[in-house]
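Notes follow once the structure below has been shown.
The values are calculated or read from the model by the stated rules, or taken from the named source; none is laboratory data. Keep in mind that this is a model prediction, so the values were computed, not measured. Glycine also receives a Cβ, built like all others from the backbone with ideal geometry; neighbour counts cover every protein chain displayed.
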Amino acid sequence: MMDFKKKSLQTIEWIINSGIRYQYPENNINAFYDSYYSHNKRYSFLYCEVTGYAIKLLLNFHQREKNIKYLKIAQRAGDFLVRYQCKQGKATGAIPWTVEKGREHHHYYSFDTAMCLIGLIDLYNTTKEQKYFVSAVLAADWLINFAQNKNGSFKALFDSHQNVFDNKLLENAWSGDGGCLHIKHIIGLLKTFKMTGQSKYLTSAKKTLTWAKKMQNEDGAFKIREDSDIIFTHAHCYATEGIIYAYIHFDDNEYKKIILDSADWLLKAQNQDGSFFDYYGLPGILTRLIKTKKIIKKIHNGFFTIDSNAFLKIKRTDATAQAARIMLFAYVLTHNIEYQDAAAKSLGFLDKMQIKDHSSSQNGAVCFGLLDLPGIKKRSHKYPSWSGMFMADAMYYMFILQQKINIKPCNIRDQIF
């Protein structure tokens, strides 16, 4: 039997010690890189969104393992976000996409800000330090006053150079305006309501929930946008995570049904090896891909760097880890062993994608995914920080279930990120 706790802690050690966490030499703050690339042994860019995830993950492990080092690193990450949060103009309160040479990038994504909001609120709840409270309120106010649309959806990207929201960069993308991933904003909005008692955040969350219901198909899948039939599993899981938090907050069985419909879609979509493809609803893609020799060559030369007009069915670790968490939550709600078994299959796939080399600083990392086509089976040389974070959390949930500890839905709600 797999040692889920050991696997989880190995990945946590990679997250905090490998170099994927960047420690600023001149002050006591740290942030997290998007990914490590094994083919050239380089880290990519500092990513504020995953720094927000890291805060919440480390606070979870501080609570689980009673280890103060996790709290200290989470605080340093929170201080990084507070420092680089926009303090002037229309982007006041927003968190930048990245920080380059000590300066905020001019792109501010509503999703990034909403994910960082979750971490900042939980840092405040843990430490009671006022700076996190102030930062969280600024972020939440930017989301509801500037980024949210009247129908409850969200605009995706604000460009501070142009001083406008601009969707050109993300047009037709899963992460663009009105994307279902923004349903996850509900978590930060409801947390802000709970922290401040101000009803405007509750009203905003309810608007998003009304819009969210339109985004789920009859089969339980969340489509990337209202005008699309494409399902992007990573975004589907983001949407479901937001609904999970709403269900426990409101204790409304309508949201429970949405969650279970989502989990049932995941059961049907899951591959035999426990993984999930990135995209569903893209007919004829594999045939077109195989005929495109140029694309195949690029894949063999390193990674899934492909033509923007081509799509690829990659077995992704981030979505697979998120799906495992969702199915474990469905098991807690229903005690239907089918959900737990499916989650275990997903964790088995993630175990195969985990780097197991104790001589390497990347031991415990998780590769981005697996290209699995006839005659082609290739693991990615990209090790994303967020895949590791989601996997570490999912592995630990399974460990807790193994101990036959009675997990209540509210326990999971308080640890979602």
**Q.** Members of the range 169-203 found to be surrounded by fewer than 22 Cβ atoms within 10 Å (Cβ to Cβ), in contact with a strand residue (DSSP E or B) (Cβ under 9 Å, 6 or more places away or on another chain) and not in a loop (DSSP other than H, G, I, E, B), listed by number
**A.** 169, 170
**Q.** Residue selected from the range 234-262 under the condition among the acidic types (Asp, Glu) and under 16 Å from residue 214 (Cβ atoms), by the criterion surrounded by the fewest Cβ atoms within 10 Å (Cβ to Cβ)
**A.** 254
**Q.** Failed condition for residue 19, given (1) surrounded by fewer than 21 Cβ atoms within 10 Å (Cβ to Cβ); (2) over 21 Å from residue 382 (Cα atoms); (3) touching a residue at least 60 places away in the same chain (Cβ under 8 Å); (4) not hydrophobic (A, V, I, L, M, F, W, C)
**A.** (2)
Q: For residues that are in contact with a helix residue (DSSP H, G or I) (Cβ under 6 Å, 6 or more places away or on another chain) and closer than 17 Å to residue 33 by Cβ, tally how many sit in the range 98-119.
A: 6
Q | Leading residue by the ranking (farthest from residue 28 (Cα to Cα)) among those in the range 55-90 that are surrounded by fewer than 23 Cβ atoms within 10 Å (Cβ to Cβ) and basic (Lys, Arg) | A | 90
Q: Can you give me the number of residues within the range 229-260 that are without any contact (Cβ under 8 Å) to a residue 40 or more places away in the chain and within 18 Å of residue 179 (Cα to Cα)?
A: 0
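Looking at the range 132-191 only, could you name the residues that are acidic (Asp, Glu) and at pLDDT 95 or above? Step through it out loud before you land on a result.
Restricting attention to the range 132-191, the residues satisfying the condition of being acidic (Asp, Glu) are 141, 159, 166, 171, 177.
Within the range 132-191, 141, 159, 177 meet the criteria.
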Q.
Being free of Cβ contacts under 8 Å to residues at least 60 places away in the same chain and among the polar types (S, T, N, Q) is the filter here; which residues of the range 321-347 pass it?
A. 336
(Q) Go through the range 263-281 and report how many residues are surrounded by fewer than 21 Cβ atoms within 10 Å (Cβ to Cβ) and among the hydrophobic types (A, V, I, L, M, F, W, C). (A) 2
Q: Any chance you could count how many residues in the range 340-357 are crowded, with 20+ Cβ neighbours inside 10 Å and assigned to a loop (DSSP other than H, G, I, E, B)?
A: 1
Q: Please give the number of the condition residue 321 fails out of (1) under 21 Å from residue 241 (Cα atoms); (2) surrounded by fewer than 24 Cβ atoms within 10 Å (Cβ to Cβ).
A: (2)
Q: Say whether the condition of being more than 21 Å from the chain's Cα centre (by Cα), under 29 Å from residue 254 (Cβ atoms) and of a type in the set (S, T, N, Q) is met by at least one residue in the range 349-367.
A: no
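Considering each of 33, 84, 43, 24 in turn, give the residue that is touching a residue at least 60 places away in the same chain (Cβ under 8 Å) and in contact with a strand residue (DSSP E or B) (Cβ under 8 Å, 6 or more places away or on another chain). Even if it seems obvious, please write down each step before you answer.
Working: 84 fails: touching a residue at least 60 places away in the same chain (Cβ under 8 Å); 43 fails: touching a residue at least 60 places away in the same chain (Cβ under 8 Å); 24 fails: touching a residue at least 60 places away in the same chain (Cβ under 8 Å).
Exactly one residue qualifies, and that residue is 33.
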Q | Residues being surrounded by 21 or more Cβ atoms within 10 Å (Cβ to Cβ) and touching a Phe, Trp or Tyr at 6+ places or on another chain (Cβ under 7 Å) - total across the range 100-117 | A | 7
Q) What single numbered condition from (1) hydrophobic (A, V, I, L, M, F, W, C); (2) surrounded by fewer than 19 Cβ atoms within 10 Å (Cβ to Cβ); (3) at pLDDT 95 or above; (4) closer than 17 Å to residue 6 by Cα fails to hold for residue 337? A) (4)
Q: Count, please, the residues in the range 211-224 that happen to be among the charged types (D, E, K, R) and either buried (at least 21 other Cβ atoms within 10 Å of the Cβ) or in a helix (DSSP H, G or I) (or both).
A: 3
Q: Kindly indicate which of 52, 93 is of a type outside the set (Asp, Glu), at positive phi, surrounded by 21 or more Cβ atoms within 10 Å (Cβ to Cβ) and not in a strand (DSSP E or B).
A: 93
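Being buried (at least 16 other Cβ atoms within 10 Å of the Cβ), part of a loop (DSSP other than H, G, I, E, B) and of a type in the set (Val, Ile, Thr) is true for just one of 400, 405, 416. Which residue is that?
Step by step, each of 400, 405, 416 is checked, and only 416 is buried (at least 16 other Cβ atoms within 10 Å of the Cβ), part of a loop (DSSP other than H, G, I, E, B) and of a type in the set (Val, Ile, Thr).
For the range 358-397, what are the residues that are of a type in the set (Lys, Arg) and either part of a helix (DSSP H, G or I) or under 20 Å from residue 57 (Cβ atoms) (or both)?
From the range 358-397, those of a type in the set (Lys, Arg) are 377-379, 382; that's our starting set.
The answer is 382, and nothing else.
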